[in-house]
Amino acid sequence: MNSVSPSAAQYVGGVMQDELVDRGRQQQPMERQGSFGVRPPQTQGASREAAGELDEMDKLKAKLMSAWNNVKYGWTVKSKTSFNKMSPVTVLGHSYLLNSEDEVERFRLAFVSRIWLTYRREFPQLEGSTWTTDCGWGCMLRSGQMLLAQGLLVHLMPRDWVWPECHTPEKSLPSSQAPRCSQKKRVYESTKDRQEHIHSRLVTWFGDQPPAPFGVHQLVDIGKGSGKKAGDWYGPSVVAHILRKAVDKTSVVTNLAVYVAQDCTVYKEDVVHLCDRSLNQTSSDPSSQDWKSVIILVPVRLGGEALNPSYIDCVKNFLKLECCIGIIGGKPKHSLYFIGFQDEQLLYLDPHYCQPVVDVSQVNFSLESFHCSSPKKMPFNRMDPSCTIGFYAKNKKDFESLCSAALSSSKEKYPVFTFVEGHSQDYGLEGHSSNHSGPPAHILPPGRLGRSNNRRSSEEFVFL
């Protein structure tokens with residue numbers, strides 16, 4: 001058998017779960033609610049006592065849920081995935097043929113260096129609820145965090161950056177790349193230290209504390225504007241808009257904008273208006289760049305109730321692009337972050353692994369739990385059709401190249417999405433584009449366009 005298995009990691013205190021339990025069978029911490037109907041009058045002391053009992057019941061339910069999640073997501077497993085040595089593995093625009101140790105190592109470094117964000121437990125209570133964990137409901141938020149983290153990595157780091165800690169001792173640096181003199185070595189060490197500082201700072205932005213700009217506390221708070229609350233299921237389209245608002249809201253990231261496509265359409269002039277500083281600056285600032293980098297998020301539906309096989313090649317082509325930062329989607333009610341593929345299987349990072357919270361405010365906090373060394377694969381035909389595709393363009397030239405590359409990657413009678421000249425308002429549209437010749441928001445398989453599909457449509461495609 002032509003296969004090679006990168007060494008699997010043993011996870012201490014956690015497990016990667018393959019299936020999420022049916023939501024109807026899950027118990028959730030009780031929200032504090034007012035009583036309805038006529039009740040006999042109570043004294044102030046009795047009211048206080050009743051409120052205290054309710055508060056204690058909430059706390060007890062939260063503790064029981066925490067204990068259940070620790071059992072459900074807390075076992076230790078070894079996980080191993082086999083790869084075909086004769087077929088290339090694609091990871092976010094880079095290809096690896098695993099027929100030699102050097103190529104296997106290159107692939108391992110590329111995979112382990114991705115930021116991995118999973119369920120956490122025992123973090124500060126989410127405002128307005130009793131939740132101190134996102135186990136069982138926050139997987140799409142975690143997938144969205146990973147997509148944004150990859151966009152920030154390519155925004156702040158060199159494209160070929162790898163996490164130094166994931167080097168094996170005997171292969172810490174290929175001899176051909178090792179500095180040959182003390183001066184070059186000092187420059188190399190200085191660059192590595194600077195990049196590690198950026199790496200650590202980036203991870204702190206996703207910390208599970210209320211002040212973290214892209215942490216679960218902030219994302220849940222932003223989601224309230226979309227009618228979502230802690231414990232709810234978040235679809236890939238809603239998460240795309242939450243990420244856009246989170247980046248708009250913070251000042252920790254500079255020279256970066258997020259654009260969310262409308263009705264599977266990217267309006268070029270809207271992106272230009274968002275990114276071209278010269279259109280918005282009243283006075284020239286020599287220290288600022290003329291063009292903001294941009295993350296483009298495209299919520300799409302690749303079929304009706306199941307993935308339309310005709311779109312599999314499109315998904316592969318997107319993941320082959322260097323400008324692609326991944327896809328958030330997964331299986332029904334089970335979100336995953338797709339970063340590549342081999343043959344007819346997708347490569348992904350799984351957020352369904354519960355870990356203790358890490359205090360990222362501490363100096364030199366451990367980064368180990370934010371990187372995964374165990375690749376996972378899943379057949380394309382198990383992919384849920386609702387997903388959001390992410391792209392990154394550093395400058396205007398990259399954006400123009402992205403437009404061309406994305407269109408050529410989707411040469412279908414029913415394209416996954418399209419680019420349109422002009423502004424969305426040019427078509428008389430406020431929230432979504434429906435009066436133009438582009439594709440519909442829900443792309444259905446050829447031959448099934450007449451069928452209605454109400455499955456989660458109102459939840460997955462909310463245009464804010």
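The values are calculated or read from the model by the stated rules, or taken from the named source; none is laboratory data. These numbers were taken from a predicted model, which means no experiment stands behind them. Methodologically, a virtual Cβ is constructed for each residue, glycine included, from the backbone with ideal geometry; neighbour enumeration extends over all protein chains shown. All accessible areas refer to the heavy atoms of the entire protein, side chains included, with ligands and DNA or RNA removed. Shrake-Rupley method; radii C 1.70, N 1.55, O 1.52, S 1.80 Å.
Values for this structure:
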| item | result |
| --- | --- |
| Exclusive hit being surrounded by fewer than 24 Cβ atoms within 10 Å (Cβ to Cβ) and either in contact with a strand residue (DSSP E or B) (Cβ under 6 Å, 6 or more places away or on another chain) or modelled with pLDDT under 95 (or both), set Leu346, Leu336, Leu319 | Leu319 |
| Pairs with Cβ under 8 Å, 6+ apart, first in region 304-315 and at positive phi and open to solvent by 40 Å² or more (accessible area, probe 1.4 Å), second assigned to a loop (DSSP other than H, G, I, E, B) and of a type outside the set (Phe, Trp, Tyr) | none |
| Lone unmet requirement of (1) modelled with pLDDT of 95 or more; (2) crowded, with 23+ Cβ neighbours inside 10 Å; (3) more than 26 Å from Leu367 (Cβ to Cβ); (4) not polar (S, T, N, Q) for Phe206 | (3) |
| Subset of region 209-229 [open to solvent by 10 Å² or more (accessible area, probe 1.4 Å) and either assigned to a helix (DSSP H, G or I) or under 15 Å from Trp137 (Cα atoms) (or both)] | His217, Gln218, Asp221, Ile222, Lys224, Gly225, Ser226, Lys228, Lys229 |
| Selection count where residues are buried (at least 21 other Cβ atoms within 10 Å of the Cβ) and farther than 19 Å from Val260 by Cα, scope region 322-333 | 1 |
| Selection within region 112-152 - in a loop (DSSP other than H, G, I, E, B), open to solvent by less than 10 Å² (accessible area, probe 1.4 Å) and in contact with a strand residue (DSSP E or B) (Cβ under 8 Å, 6 or more places away or on another chain) | Trp116, Thr118, Tyr119, Phe123, Asp134, Cys135 |
| Meets criteria (among the acidic types (Asp, Glu), in a helix (DSSP H, G or I), at pLDDT below 95 and open to solvent by 40 Å² or more (accessible area, probe 1.4 Å)) for Glu189 | yes |
| Condition broken by Leu98, with the remaining ones in (1) modelled with pLDDT under 95; (2) open to solvent by 10 Å² or more (accessible area, probe 1.4 Å); (3) not acidic (Asp, Glu) satisfied | (2) |
